[in-house]
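Here the structure is laid out as structure tokens; the discussion comes afterwards.
The values are calculated or read from the model by the stated rules, or taken from the named source; none is laboratory data. Everything numeric here is computed off the predicted structure, so don't read it as measured data. Using ideal geometry, Cβ is built from the backbone for each residue, glycine included, and neighbour counts are taken over all protein chains shown.
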Amino acid sequence: MKQLTVIATALLLTTIAISFALWADVLKIQLVAYTGNVDVQFGSYSVKEYVGFPDGSGGWSFVQEGSNPEAKDVGQCTVTLQEVEDEESGSPSSAGDNDLDLVITISNGYPGYKCEVTFEVMNSGSVPVRGPTYVDLPSPYTDGHILVEHDISTAACVQLHPGDKQTFTVNVTVLQGAEEQTTYTVQIHLRYDQWNEAECGAHVG
């Protein structure tokens, strides 16, 4: 009987030794997400200048400067890219707040002078965008001194992949109500959103 007890104990010890000899290895899963960015900027642009002559009905008949001896090069219209203010105003994101603004400046303007600027908007980010989804200056717009007309509209909301471009035109005309040696300033804001959440036609005004 004693011999049987010894054998059973030995078997138990052997079993315990085997269970503690288990080897193991652990695998890890690491998740890394690099996000892209939404960013649009102004691309190339061109300028045309016109002289308005009375059309006999209270309006203007515009002639491009240089195309007629009377269409004299008196006024000047220049376009520059510079920082004006935080263009992300009204946007839920500040990721693209590093762009230069398009500044159209009329010098020595006079009633009947018209400046036409055609420019590009380019998707310089890494995520597709749709826009404009927001335009805050309607067309036409006038304060009684200058007339602003443009074709920037949420109805033109299109998808721009990285590197894609969209072209718009802005016309600024000095009206009869403009005063001499006075500065008039108007701003147009337009916004682009990531393509999968954009709501085209959301705001114009």
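Summary of computed values
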item: Options Gln166, Gln181: the member that is outside any strand (DSSP E or B) and under 27 Å from Thr105 (Cβ atoms); result: Gln181
item: Residue within segment 120-135 that is part of a strand (DSSP E or B), closer than 20 Å to Val79 by Cα and either of a type in the set (Gly, Ala, Ser) or more than 12 Å from the chain's Cα centre (by Cα) (or both) present; result: no
item: Flag if Asn123 is out of contact with any Phe, Trp or Tyr (no Cβ under 7 Å at 6 or more places or on another chain), under 17 Å from Gln41 (Cβ atoms) and polar (S, T, N, Q); result: yes
item: Residues within segment 136-178 that are in contact with a Ser or Thr (Cβ under 8 Å, 6 or more places away or on another chain) and modelled with pLDDT under 90, tallied; result: 3
item: Filtered residues of segment 98-116 (kept if assigned to a strand (DSSP E or B) and within 18 Å of the chain's Cα centre (by Cα)); result: Asp101, Leu102, Val103, Ile104
item: Some residue of segment 175-193 being surrounded by 13 or more Cβ atoms within 10 Å (Cβ to Cβ), among the basic types (Lys, Arg) and under 19 Å from Val103 (Cα atoms); result: yes
item: Some residue of segment 11-18 being out of contact with any strand residue (DSSP E or B) (no Cβ under 9 Å at 6 or more places or on another chain) and at pLDDT 90 or above; result: no
item: From the options Val47, Val51, residue that is among the hydrophobic types (A, V, I, L, M, F, W, C) and surrounded by fewer than 16 Cβ atoms within 10 Å (Cβ to Cβ); result: Val47
item: Subset of segment 136-163 that is outside any loop (DSSP other than H, G, I, E, B) and touching a residue at least 40 places away in the same chain (Cβ under 8 Å) - its residue that is nearest to Gly75 (Cα to Cα); result: Ile146
